[in-house]
Structure formats: structure tokens, C-alpha cells
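What follows is a set of notes on a single structure, which appears directly below.
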Amino acid sequence: ASVENWRGLFIAQYEAGNAALALATDKRIPATPYLQLMNDPPFLQALASAYSAVGRNGEAQTTLENALKLIFAPNAKGLRRTIQIQLAGLLVAANHLEPAAAIYAQVLADDKGNAAAWQGLVGVQHTMGNDQEALKTIQSMPPDLYATAMRDSGFEVTVASVYQADK
């Protein structure tokens, strides 16, 4: 009946690369600890990741949305941002670009140093055909983050495409 033990088992199975086994474990968790785990952001993040790993992206999205409705401890801002970025990625994969862009922008409003949010926002803006906005976003990136992001070949191609669209 230990919440910590069930969380630990589930996360260990997922992190060992066995999402299907982790999801089978999820079904075995007794009701009382399960209710507590449904209010535990790290568990919900792992659960959403396991759902994604087995192709259950709708359930992953719902799980992340539920996690973001929870109250996070003041020292858990990084976890909240990580969950937001994960949710935005799922939205992009489902071609829900406007909500994904809004999440990336929200993360950046709170944390200008979040490279994943900068890259995600530029990518979404470009995919939506908003290359002028993407160009503005690129130009407003902190120089050190821009330099780091440009080491990612996918981001580099996106930036080149934005510049090409701008001629």
C-alpha cells in the first residue's frame, strides 16, 4: 500500500525501457495509493511518457493536462515546465499547433532560458506558416541559447527555412 514503492516500481520499469510492463503495473496499484499518485506530478509525467511510448498519445495528453492542473511545490517550477514542454510536443505531434505555441510562449514568459521552449516555438511558428513571427522569435533568443540551439541540426534546418522564407 506504499505510494512511494508503487511510484518507484512504475518509474523504474518505465526508465528501464519497459513502458508496457509499467502500464501493467499501473493497473495493479491499489485504489488508495493510486488516488494519491493521481495527484503526484512526477508519477503523472512518467505515466504520460509510458502512454506515449506505447502509442497512446491521447491518454498521455490527458494525463499531462491533469498534471498541470495540480498545485506544484514552489521548488518544482522546473518539473512544471518539463511537463508543459512534454504536453506541447504531444500537441505538435497531433497537429494542434496553436495550443502548442501558446504553451511554448507561456513557458518562455516564465523562463527566458528554456531552450526547448524557444526551439519548440520557432518550429511551431514555421510549421504554421508564420515565418515573420518565427524570425522575430529567433531574433529575440538570448545569444548563448541561440548558439546552443544551432548545434541541433533539426533546429538549424528550421532556422534556415525561416530565413529562406524571408528571402
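The values are calculated or read from the model by the stated rules, or taken from the named source; none is laboratory data. Computed from a predicted model, the values in this text were never measured in an experiment. Positions of Cβ are backbone-derived with ideal geometry, glycine not excepted, and every protein chain shown enters the neighbour counts. Protein only, heavy atoms only, side chains kept; ligands, DNA and RNA dropped before computing areas. Shrake-Rupley method; radii C 1.70, N 1.55, O 1.52, S 1.80 Å.
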Condition check for ASN5: open to solvent by 50 Å² or more (accessible area, probe 1.4 Å), at negative phi, without any contact (Cβ under 8 Å) to a residue 24 or more places away in the chain and part of a helix (DSSP H, G or I): yes
Count of residues meeting criterion [surrounded by fewer than 17 Cβ atoms within 10 Å (Cβ to Cβ) and touching a residue at least 24 places away in the same chain (Cβ under 8 Å)] in segment 23-33: 2
Segment 52-102: number of residues that are open to solvent by 60 Å² or more (accessible area, probe 1.4 Å) and either on the phi > 0 side of the Ramachandran plot or within 10 Å of the chain's Cα centre (by Cα) (or both): 3
The one condition in (1) in contact (Cβ under 8 Å) with a residue 12 or more places away in the chain; (2) out of contact with any helix residue (DSSP H, G or I) (no Cβ under 9 Å at 6 or more places or on another chain) that LEU121 fails to fulfil: (2)
Helices (runs of 4 or more DSSP H) wholly inside segment 58-153 that include at least 1 residues being within 28 Å of ALA46 (Cα to Cα): 77-93, 97-110, 115-127, 143-149
Counted residues, segment 116-161 - those being of a type in the set (D, E, K, R) and open to solvent by less than 50 Å² (accessible area, probe 1.4 Å): 1
Inter-residue pairs, beta-carbon under 6 Å, first free of Cβ contacts under 8 Å to residues at least 24 places away in the same chain and in segment 143-167, second open to solvent by 50 Å² or more (accessible area, probe 1.4 Å), 6+ apart: MET150/GLU156
